[in-house]
Amino acid sequence: MSNFSEIVLQKIERVQKVPSMYVTKPCFDAISNFFVGYFSALEDVTNIPYNHDISIWINRKKRTSLLWTAYIFHVLAKKDADKAYSLIFSELKAFFEANIVSPEAI
């Protein structure tokens, strides 16, 4: 795992531990919007299309065209917002643990 992936994993864990530091209401919608924005900002800096790459990765089991946040909510959590809230953290951790993501690889 690259140092960059470790940094992102640490951010995911901090958000999971203290979500109210990042969003006003810790719920699936707020957390998913936070991470989409976070990954968009990282893309601006690294030129790595994180939201696209996560969407491709998460859709690997059941081919859809859903953005990764919609896939978690509709497919994995079956529209259960509490379950989706929990899944967003485990799925993001799994993505960054499974993928060597490094801005140096550009």
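The values are calculated or read from the model by the stated rules, or taken from the named source; none is laboratory data. Just so we're clear, the structure is a prediction, and the values are computed from it rather than from any experiment. Ideal geometry is used to build each Cβ from the backbone, glycine not excepted, and the neighbour counts take in all protein chains shown.
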Could you list, in sequence order, the residues of region 76-88 that are part of a helix (DSSP H, G or I) and more than 21 Å from residue 49 (Cβ to Cβ)?
76, 81, 82, 83, 84, 85, 86, 87
Do the conditions hold for residue 41, that is, is it closer than 19 Å to residue 76 by Cβ, out of contact with any Leu (no Cβ under 8 Å at 6 or more places or on another chain) and of a type in the set (Gly, Ala, Ser)?
no
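So that you can scan it fast, the table gives a plain yes or no per residue for (1) outside any loop (DSSP other than H, G, I, E, B); (2) modelled with pLDDT of 95 or more; (3) aromatic (Phe, Trp, Tyr); (4) surrounded by fewer than 20 Cβ atoms within 10 Å (Cβ to Cβ):
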site: 57; (1), (2), (3), (4): yes, no, yes, yes
site: 61; (1), (2), (3), (4): no, no, no, yes
site: 65; (1), (2), (3), (4): no, no, no, yes
site: 74; (1), (2), (3), (4): yes, yes, no, yes
site: 90; (1), (2), (3), (4): yes, yes, no, yes
site: 96; (1), (2), (3), (4): yes, no, yes, no
Could you grab me the full set of residues in region 6-36 that are more than 12 Å from the chain's Cα centre (by Cα) and either buried (at least 18 other Cβ atoms within 10 Å of the Cβ) or in contact (Cβ under 8 Å) with a residue 40 or more places away in the chain (or both)?
19, 26, 27, 29
Filtered residues of region 76-88 (kept if under 26 Å from residue 4 (Cβ atoms) and either free of Cβ contacts under 8 Å to residues at least 12 places away in the same chain or exposed (fewer than 15 other Cβ atoms within 10 Å of the Cβ) (or both)):
86
How many of the residues making up region 37-54 are part of a helix (DSSP H, G or I) and either surrounded by fewer than 16 Cβ atoms within 10 Å (Cβ to Cβ) or in contact with a His (Cβ under 9 Å, 6 or more places away or on another chain) (or both)?
7
